[in-house]
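Trainee: Pasting in a structure now, in structure tokens, and then I'll have a few things to ask.
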Amino acid sequence: PWMGVAVQSTDEATTIHGVGLRGLRMPTDLVDCANSGTTMRLLAGLLSGQRFGTRMTGDDSLTRRPMGRVIGPLRARGAHIAGTAGAKPDELYPPISIAPLVECEALKGIEYSMPIASAQVKSALLLSGLYASGPTAIEEPVLSRDHTERMMLALGVPLQTAGASVVLDPNLEWAGGWEPFEWHVPGDPSSAAFPLLAAAMVPGSQVSVEDVCVNPTRTGLFDWLRLLGANISHRASGHGAGDEPMAEISVAHGTTRGSVAGGELVVRMIDEIPAICALASVSKGTTEIRDAAELRVKESDRIATMAHVLGAFGVPCEELPDGLIITGGAALHGGHVESRGDHRIAMAAVLLGLLADGESVIDGAEAVDTSFPGFVALLRSLGADITEETL
């Protein structure tokens, strides 16, 4: 068991034998978060309230991602957490070290106004708030993904939400834990984006994906497709884990037109933007994506990397500090590109390759396994001509 928690996984389900809020044990080794910033940031919150120490690291990509945004507010509430100096003198990076709280210590309540909407930072603070002596109050500039809030509310955690604000008060009447549960986890809209947009791009195609999460904080892509005039339909299919709404989403090929995206719409589709860039390459007119500077601190600098990938396929593109301007309609030619270790860049390049004239080569395509291990097999089953080579 890892930290005292036994876990069994199959292709169909994961079973976790919980130990309660105070039952975790000190890990016997360095915690390797691999490529997952979400894992590192959420664990930082959960482990900051423990009476044992932890060290966390990750792969080359993760160790270049900024962690000051989560370390700062956790320190402000009394966590003994430290990062590592790196490329920018005013930023902290992995590895992260967390020293234990002593018996007389507890994390403090906090009122935190977030400079940037971030579900990861918000979730880290909420998880740490389960161990705090006072309330955790968070205000975002725009509501980010609220999966953590929905899950906590479904489990009876004393949480109140209003717009882009959330308050967790552990001093309200609460058992200090929750009963075991069985949940169906909805499909990830960020993964569903790629086969759906492949259908939008390739003539004669139609793809339907069942039980996709259509939480309003995650439906930016679907709203964007409607703005572009895409052939998209939505059929509600119930609710999944944490009262998350689900739907069957269907997309068929059709003519799409460029548009401008920014503000809260971009927040709701930030991880789908590489796929959106691929669709923009075949849309009529110009697509402009703004307010997306967060893309520069993902698994790669996704603004710079997508500009490079689009150019390699012959797509006219202008890189902006906070986004891209893409001119659609040019004839795509085969490209040879590098994923730079970024799963979404690799999948976006595959979409471009589906329409390119000639062979395309994507180096580092194994990064796809980070979020979508069955991606290549799925596209093959839909008729794509893709060959995998192990170097």
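The values are calculated or read from the model by the stated rules, or taken from the named source; none is laboratory data. From a predicted model like this one, the values you see are computed outputs, not experimental measurements. No Cβ is skipped: glycine too gets one built from the backbone with ideal geometry, and neighbour counts run over all protein chains shown.
Trainee: Do we find a residue being among the small types (Gly, Ala, Ser) and within 30 Å of residue 88 (Cβ to Cβ) anywhere in the stretch 20-35? Steps first, please.
Mentor: Going through the stretch 20-35, the residues among the small types (Gly, Ala, Ser) turn out to be 20, 23, 34.
When the remaining residues are screened for being within 30 Å of residue 88 (Cβ to Cβ), the result is 34.
Yes, the conditions are met somewhere in the stretch 20-35.
Trainee: Could you tell me whether the stretch 269-282 includes any residue that is modelled with pLDDT of 95 or more and surrounded by fewer than 19 Cβ atoms within 10 Å (Cβ to Cβ)?
Mentor: Quick first cut of the stretch 269-282, residues modelled with pLDDT of 95 or more only: 269-282.
Imposing the further condition that a residue be surrounded by fewer than 19 Cβ atoms within 10 Å (Cβ to Cβ) reduces the set to none.
No, the stretch 269-282 contains no residue that is modelled with pLDDT of 95 or more and surrounded by fewer than 19 Cβ atoms within 10 Å (Cβ to Cβ).
Trainee: Identify, by number, the condition in (1) over 22 Å from the mean Cα position of the chain (by Cα); (2) over 23 Å from residue 257 (Cα atoms) that residue 204 doesn't meet.
Mentor: Just one mismatch for residue 204, condition (2).
Trainee: Can you report the number of residues in the stretch 43-60 which are surrounded by fewer than 23 Cβ atoms within 10 Å (Cβ to Cβ), more than 22 Å from residue 341 (Cα to Cα) and within 22 Å of the chain's Cα centre (by Cα)?
Mentor: Looking only at that region, the number is 2.
Trainee: Which of the residues spanning the stretch 280-307 are among the basic types (Lys, Arg) and under 18 Å from residue 352 (Cβ atoms)?
Mentor: Result: 284, 302.
Trainee: Shifting gears a bit: Only one of (1) within 20 Å of residue 205 (Cβ to Cβ); (2) in contact (Cβ under 8 Å) with a residue 12 or more places away in the chain is not met by residue 374, so which one is it?
Mentor: In the conditions (1) within 20 Å of residue 205 (Cβ to Cβ); (2) in contact (Cβ under 8 Å) with a residue 12 or more places away in the chain, residue 374 misses (2) alone.
Trainee: Among 264, 244, which is the only one that is under 30 Å from residue 13 (Cβ atoms) and not basic (Lys, Arg)? Outline the logic, then answer.
Mentor: Working: 264 fails: under 30 Å from residue 13 (Cβ atoms).
It is 244.
For (1) in contact with a strand residue (DSSP E or B) (Cβ under 6 Å, 6 or more places away or on another chain); (2) within 25 Å of residue 353 (Cα to Cα); (3) not assigned by TED's automatic domain parsing to the domain that holds residue 350, each residue gets a yes or a no:
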site	(1), (2), (3)
197	no, yes, no
204	no, yes, no
213	yes, no, no
248	yes, no, no
265	no, no, no
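Trainee: Another one. For the stretch 297-337, name all the residues that are surrounded by fewer than 15 Cβ atoms within 10 Å (Cβ to Cβ) and either assigned by TED's automatic domain parsing to the domain that holds residue 60 or within 21 Å of residue 59 (Cα to Cα) (or both).
Mentor: Scanning the stretch 297-337 gives a single hit, 304.
Trainee: State which residue is farthest from residue 185 (Cα to Cα) when the search covers only the stretch 4-37 and only residues that are of a type in the set (Val, Ile, Thr) and not in a loop (DSSP other than H, G, I, E, B).
Mentor: Going residue by residue through the stretch 4-37, those that are of a type in the set (Val, Ile, Thr) are 5, 7, 10, 14-16, 19, 28, 31.
Pick out the ones that are also not in a loop (DSSP other than H, G, I, E, B) and you get 5, 7, 14-16, 31.
Details: 5: 20, 7: 17, 14: 10, 15: 13, 16: 14, 31: 25 Å.
Going through the qualifying residues, I end up with 31.
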